[in-house]
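Report on the following structure.
FYI, it's all coordinate maths here, none of it is from the lab. All values reported here derive from a predicted model rather than from experimental measurement. In this analysis, Cβ positions are derived from the backbone assuming ideal geometry, glycine residues included, and neighbour counts consider all displayed protein chains.
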Amino acid sequence: MKFIHVTDTHIVPPGEKLYGLDPAERLRLCIADINRNHPDAAFAIFTGDLAHRGEPAAYGVLRERLAELRLPCHLLLGNHDDRANFLAAFPASPVDEAGFVQFAFDTEVGRFVCLDTNEPKVAWGACCETRVGWLQRTLDAAGERPVYLFQHHPPFPVGIKRMDEISLLRPEAYTRVVAGRRNIRHMFFGHLHRPIGGSWRGIPVTTMRATCHQVALDLVVEGRVPGSHEPPAYAVVLADHDQTVVHFHDFLDETATFFL
């Protein structure tokens, strides 16, 4: 099964730019590339920071851009999002019994579990007692089926100092629920605006660059987020019962291609 992972679109209201870039235009180009090259994908998942400041006007722009996507899509929230404004713009988005934008759905390769780590008006992520309870019940209900996890904030440090300060805050309860489950095949997240892969507690993990601005690879600077204008990307994921393969695609790259 093929699906698309997109993250950190950071849409702003019409007429605005962000760090000298137009996030809506970047997303338009991203969606056009997906439509052109991957119309056979089952769906796309967007792992948060959909809007940069969470304004209703920004979600209106996002809704217009997503209407161009020829695939079903699933939307998660990040720290830059506003839950109420998002749900006003996307009222059909699934929520749990407590109103968090988190949900699970089954596919031919396993259960996809999407977690809401948004904590209003702060940059770090949260997985409170209510969300931990939902996550445990959802994972328990999956039984032995393969599980793929999606969320905005990573539950572990990656070495970029300021980003590590605003990852998932106090992840101990989350870790107790997730760690040790041998059926979790992969964790996908956003927030870091960098192509990163590895493993955590035995779980393979990946994230990638955003569709707009990026975080520079700087493991020294403290107290500030190092920014860059590296190329934007999305991921093409090929999943089956034996393996999960993640391809990162710089959709604005115009490097010449040829047969070797």
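Here are a few things to note about the model shown:
- For Glu222 and Asp242, a Förster radius of 35 Å and the Cβ-Cβ distance give a FRET efficiency of 0.25, rounded to the nearest 0.05.
- Over segment 130-247, equivalent-ellipsoid semi-axes from the Cα gyration tensor in Å: 27, 18, 11
- For segment 202-260: rounded, prolate or oblate by the Cα gyration tensor [a/c cutoff 1.5]: oblate
- Beta bridges from DSSP with both residues in the chain: antiparallel share about 55 percent, rounded to the nearest 5.
- Our coupling estimate for segment 96-105, obtained by passing each phi through the Karplus curve with A = 6.51, B = -1.76, C = 1.60 and θ = phi - 60°, is 7, 5, 9, x, 6, 7, 9, 6, 9, 8 Hz, Gly and Pro reported as x.
- Between Glu97 and Ala32, full extension at 0.36 nm per residue minus the direct alpha carbon distance yields a gain of 19.9 nm.
- Once the Cα-Cα distance is subtracted from the 0.36 nm per residue extended length, the Phe105 to Phe43 segment shows a gain of 21.1 nm.
- Cβ-based charge dipole, segment 2-249, positive-most Cα from Gly198, Tyr234, Thr117: Gly198
- Along segment 56-62 the Karplus relation, 6.51 cos²θ - 1.76 cosθ + 1.60 evaluated at θ = phi - 60°, assigns HN-Hα couplings of x, 5, 5, 5, x, 5, 4 Hz to successive residues, with x for each Gly and Pro.
- Share of alpha-carbon pairs per 10 Å distance bin for the chain, given as whole %: 7, 32, 39, 20, 3, 0
- Comparing Leu135, Leu77, Leu50 in a Gaussian network model of the chain (Cα springs below 10 Å), the most mobile by mean-square fluctuation is Leu135.
- The magnitude of the dipole of segment 187-260, with charges of +1 and -1 set on the Cβ of Lys/Arg and Asp/Glu and taken from the Cα centre, is near 260 debye.
- Values of log10 I(q)/I(0), in the order q = 0.28 Å⁻¹, for segment 152-196 under a Debye, Cα-only, solvent-free model: -1.13
- Debye, to nearest 20: dipole size of segment 2-249, +1 on Lys, Arg Cβ, -1 on Asp, Glu Cβ: 260 debye
- Cα shape, segment 42-83, gyration tensor, a/c 1.5 rule: oblate
- Taking a ≥ b ≥ c as the square roots of the Cα gyration tensor eigenvalues, segment 1-113 comes out oblate, since a/c reaches at least 1.5 and a/b does not exceed b/c.
- Dipole magnitude of segment 110-260 about its Cα centre (Cβ charges: Lys, Arg +1; Asp, Glu -1), debye to nearest 20: 520 debye
- GNM result for the chain, Cα springs below 10 Å: residue of Val95, Val205, Val220 fluctuating most strongly: Val220
- Integer Hz, Karplus 6.51/-1.76/1.60 couplings in order for segment 73-84, x for Gly and Pro: 9, 10, 10, 10, 9, x, 5, 7, 8, 10, 4, 5
- For Ala44, distant residues with modelled amide H under 5 Å away: Ile4, Cys73, His74
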